[in-house]
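Working notes, beginning with the structure itself.
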Amino acid sequence: MEKLLLFTPGPVNVAKNVKEAICKEDICHREAEFDALLQSVENKLLQLFEIKTISDYRAVVITGSGTAANESMMSSIIGDQNILILSNGEFGERLHKISKIHNKNTFLLDFAWGEKLDLEKVEAYLQEHDIDIVAMVHHETSSGMLNPLEKIGALSKENGAMLIVDCVSSTGAEVINMEKCHISFCSSSSSKAVCSYSGLSFVVGRIDEFEKLKDMPVKSTYLNLYNFYNFIKTYSQTPNTPAVPLFFALEQTLINILDKGIYNYHAGLRDRASILRQGMLKLGLEFLIDEKDMCCVLTTVKIPFHIDVTAFRQKLRKKSIIIYEGKGCFKDKVFQVGNIGELSFDDIQFFLKSLKEILRSFGPVNIKNVTSINFPRSILTSVNENVERKNFASQYKT
């Protein structure tokens, strides 16, 4: 099978040592070897979140996608309390849908896809209604919008509400200060910006809040969050059979991030995003939202009116480049370009040159010279460390 360049928000091209880690020796999940592996993964997850008082937090790992972690939170934390979902896109709507299945007292403050959360409206709603829990998505992948954690956290605390957050596509890419933002629980995934294989998710939460779940009604057998917490606390185990090879891979990708340094890792992602955005702007393309409101893992681009998105994606696919189409109200109006995973300087150059060629194939557009892009110095070290990675740019030279 041809090697694909995944310019998507996940799944991603993983590092060579992550590929090797998934093929490690077979171990039994009820033996000491897995106990140690799970402890290692949990400790590194807490380091990834840069939690100052680690003794106050735990991280549980679930075999399942990010949606599994979200459903674990939604089915385990709320009980009979009132929960308010803040939504401005597909994944906010998904939180609302999941919550309605499990919780009768679910309320929604809905904003248009790609619209900023109106803090005045949020504050007014919290003041006028008896809300116990606020739930939101940090990075709303459907638009690329990065929602304001600290401000929502402050409003939640002022109004006596707990904050839980879907950080599935922002973990590893953006600073998530659980203490400063008053976040009780947050969810994430092994893929996306963490850059391992899909199939594991995790919930990080305050120990005192985990302990309260013991008295909550059980609404799910597999996704009972207290059960995951109790097993890791008591036995250093998971309650169900885990996908052991994925734990080895997750451990290795966390080692990669921590060895590089979290600040440097974030900076490398910002550099990649900047290069791609400069290049696409020079090709005359426009973005769906303002750059200052974007997460550093994804850019949502308006498709020129005369170009069919499906045909556009197919032409990129012929060059082994994979991107996302828009969903929902953005279908046929945008395409999305991710910049996470093992993407080298050459890969990014190749993508921009291919994009220029393909845009031209659809007819005249306002294309400028992409060779004048300013590549940050850090990109040369942060995305080109894997010298064994195949040079896709040279493969497609004509």
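Residues that are among the charged types (D, E, K, R) and closer than 29 Å to Gln336 by Cα, at least 2 per element: which strands (runs of 3 or more DSSP E) completely within the range 144-239 meet that?
Answer list for the range 144-239: none.
If I go through the range 108-133 residue by residue, how many of them are outside any helix (DSSP H, G or I) and either under 22 Å from the mean Cα position of the chain (by Cα) or within 17 Å of Val165 (Cβ to Cβ) (or both)?
Of the residues in that region, 13 qualify.
Inspect all residues belonging to the range 301-308 and state whether any of them is under 28 Å from Val194 (Cβ atoms) and at pLDDT 95 or above.
yes
May I ask you to say which residue of Arg277, Arg317, Arg272 is assigned to a helix (DSSP H, G or I), more than 17 Å from Leu48 (Cβ to Cβ), touching an Asp or Glu at 6+ places or on another chain (Cβ under 9 Å) and not assigned by TED's automatic domain parsing to the domain that holds Ser170?
Answer to the selection: Arg277.
From the set of residues in the range 256-284 that are free of Cβ contacts under 8 Å to residues at least 60 places away in the same chain and within 28 Å of Val334 (Cα to Cα), which is surrounded by the fewest Cβ atoms within 10 Å (Cβ to Cβ)?
Here the residue is Leu281.
Being at negative phi, buried (at least 20 other Cβ atoms within 10 Å of the Cβ), of a type in the set (Val, Ile, Thr) and not in a helix (DSSP H, G or I): is that true of Thr253 here?
No; evaluated as a whole, the condition is false for this residue.
Which members of the range 291-307 meet the condition of being without any contact (Cβ under 8 Å) to a residue 40 or more places away in the chain and in a loop (DSSP other than H, G, I, E, B)?
Ile303, Phe305
Of the residues that make up the range 204-224, is at least one surrounded by 24 or more Cβ atoms within 10 Å (Cβ to Cβ), more than 23 Å from His96 (Cα to Cα) and in contact (Cβ under 8 Å) with a residue 12 or more places away in the chain?
No, the range 204-224 contains no residue that is surrounded by 24 or more Cβ atoms within 10 Å (Cβ to Cβ), more than 23 Å from His96 (Cα to Cα) and in contact (Cβ under 8 Å) with a residue 12 or more places away in the chain.
Let's see how each residue does on (1) among the acidic types (Asp, Glu); (2) out of contact with any Asp or Glu (no Cβ under 6 Å at 6 or more places or on another chain); (3) at pLDDT below 95:
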position	(1), (2), (3)
Leu155	no, no, no
Val165	no, yes, no
Glu179	yes, yes, no
Cys195	no, yes, no
Lys212	no, yes, no
Asn224	no, yes, no
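The values are calculated or read from the model by the stated rules, or taken from the named source; none is laboratory data. None of the values given here were measured: they were computed from a predicted structure. Note: ideal-geometry Cβ built from the backbone for every residue, glycine included; neighbour counts use all protein chains shown.
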